[in-house]
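For reference, the structure discussed in these notes is given below.
Each value in this text was obtained by applying a stated rule to the coordinates, not by laboratory testing. Keep in mind that what you see is a predicted model, and the values were worked out from it rather than measured. Positions of Cβ are backbone-derived with ideal geometry, glycine not excepted, and every protein chain shown enters the neighbour counts.
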Amino acid sequence: MSKNLLVVEDSKPIASVIKQIAESLKYEVTVATSLAEVEQILQGDQQFFAATIDYSLPDADDGEAIQCVLSHGIPGVVLTGKMDEPTRQKILAQPVIDYIPKENSQAFLYLKRILHWQLTNSQNGILVVDDSASARNHIVELLKRRNFSVYVADNGKSALELLKQQKNIKLIITDLEMPTMDGIELTNEVRKIYNRDQLAIIGISGASNGIHSARFIKNGADDFLRKPFCPEEFYCRITQNIENLSNIEQIQKAANTDYLTDLPNRRSFFQAGEQHIAKYRDKQVPYALAVLDIDFFKKVNDTYGHEAGDHILKVMALYLRKHMRGSLMARLGGEEFAMLFPGIDEDQLYNKLDDLRREIAVAQIAYEDNHIPFTISIGVNFNGEGTLAQQLNQADVALYSAKENGRNQVAIVGGEE
């Protein structure tokens, strides 16, 4: 669902650039070129998710538009050509998301980052840990301007309990001096559970002793802020740590996901599959490992082209998601897929896989001007022994049997004799 953005800007070229940036992020944009126009728009029924606000307008040259927009509960990013300290302090004294000097093209790149994170920050939980209610409330208010999901605790032990309950927490901001469990102890305990790829920690302290920043970092924190801190620096450090986690997550996803079908890839399947099988064995849960191959896939590529072949692979992934919910699925490579699923007996397993096979066999997949028929063969290892690789080899033996016996069928090894 798109969000409404109010762009308050009297320069048509700048307004056009901001509009293009916002629309690239799926915002719906409304432009106002004067304070009078802003007031008229805000009197209407339209609700705005955020606003960009030019500091100087033809009928409001001293930041009057900022207060006007903020008074309607709309989070605002201020853009200004003024660089003097009094103007900066005047802007920061108001509950703005941020301010951006109009110095060069970097200003618009920074604005794009802010608008992007304003849309997505609600997915990121931040835990604020401080025994001072006033200090906690100040940090919470700053974070809520940026649309984060915020949780609070007044000591380290309470923070650890919250961390168990709230799985979306990506960042902890913790004070040093606290009763029960201080910030250093909390950092140490958190790092026993979460590594730096999973969760970031920022230590804060009002103590003048410079050693505390080093203590925090050496005990597993990612960053440090000294009280009282500047809101600009606070936001920069928060954004940097959240972006780092996001970048790591994207890299890990790229490393573990098949680029074409968006299913897990072979590497990911082996890593997760070994863990799943160990759990099934410990709990004595029946499970099956299946290998699926598209019959005569080379003929599809030769007849209809490789792009058509890619389309068939994507469609195959959709069929797997439809029929094999609850299973671990992957594209092993080429036209070969794998599935690992628990809690099913041999008859149920056969029926489930044969339903998938039959539905595909009668389908004619539309691609451009063609309707492409294809079939699949499936080999299954039921309650296998040995490593995942060894069990896959056994499933491949069953798959070879299905191919040899005419394709378009399911063959099972293992299970009840």
Inset, instruction - Determine the gain in length on full extension of the stretch N351-Q284; use 0.36 nm per residue of separation and subtract their C-alpha separation, reporting nm with one decimal. - result: 21.9 nm
Legend entry - Spin-label model distance (nm) - H306 vs S34, 7 Å beyond Cα toward Cβ: 6.0 nm
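Dipole magnitude of segment 52-98 about its Cα centre, charges +1 at Lys/Arg Cβ and -1 at Asp/Glu Cβ only, in debye to the nearest 20?
Values: 3 positive and 8 negative charges, 35 e Å.
Around 180 debye, computed over segment 52-98.
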Legend entry - Whole-Hz couplings from phi, Karplus 6.51/-1.76/1.60, listed for segment 118-129; x for Gly and Pro: 4, 6, 9, 4, 4, 7, 9, x, 10, 9, 9, 10
Legend entry - the chain - percent relative contact order, Cα under 8 Å, separation 6 or more: 8 percent
Legend entry - Size of electric dipole in the chain: Cβ of Lys, Arg +1 and of Asp, Glu -1, about Cα centre, debye, nearest 20: 660 debye
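If you take the beta carbon distance between D62 and A135 as r and set R0 to 51 Å, what does 1/(1 + (r/R0)^6) give as a FRET efficiency, to the nearest 0.05? Kindly include the intermediate steps, with their values, before the conclusion.
Working: r = 32 Å, r/R0 = 0.64.
Result of the calculation: an efficiency of 0.95.
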Inset, instruction - Within 10 Å of each residue's Cβ, count the other Cβ atoms and sort C68, C236 from fewest upward. - result: C236, C68
Legend entry - Cα long-axis angle, helix 133-145 against the chain (0 to 90 degrees, to the nearest 10): 70 degrees
Legend entry - Euclidean distance between Cα centres, segment 351-365 to segment 56-100, Å: 61 Å
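Quick one: of the DSSP bridges fully inside the chain, what percent are antiparallel, nearest 5? Spell out each step's value before the answer.
On the way: 25 of 67 bridges.
Bridges in the chain are about 35 percent antiparallel.
If neighbour count is taken as other Cβ atoms inside 10 Å, put T174, T187 in order from fewest to most.
T187, T174
Given the rule -39500 (n - 2.57) for each run of at least 4 DSSP H residues, summed and divided by the residues of the chain, what is its mean residue ellipticity at 222 nm, to the nearest 500 deg cm²/dmol?
Value at 222 nm, helices only: -15000 deg cm²/dmol.
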Inset, instruction - Among G210, N147, M178, flag the residue with its Cα farthest along the positive direction of the charge dipole of segment 124-255, charges on Cβ as +1 for Lys/Arg and -1 for Asp/Glu. - result: N147
Legend entry - Between helix 183-193 and the chain: long-axis angle, C-alpha atoms, 0 to 90°, nearest 10: 20 degrees
Inset, instruction - Could you calculate the contour length gain from F296 to S16, that is, 0.36 nm times the residue separation minus the distance between their Cα atoms, to one decimal place in nm? - result: 95.5 nm
Legend entry - Rounded Å value of the spacing that divides the Cα centres of segment 11-26 and segment 179-255: 34 Å
Legend entry - Theoretical gain in end-to-end length, D262 to F229 [0.36 nm per residue, Cα-Cα removed]: 7.6 nm
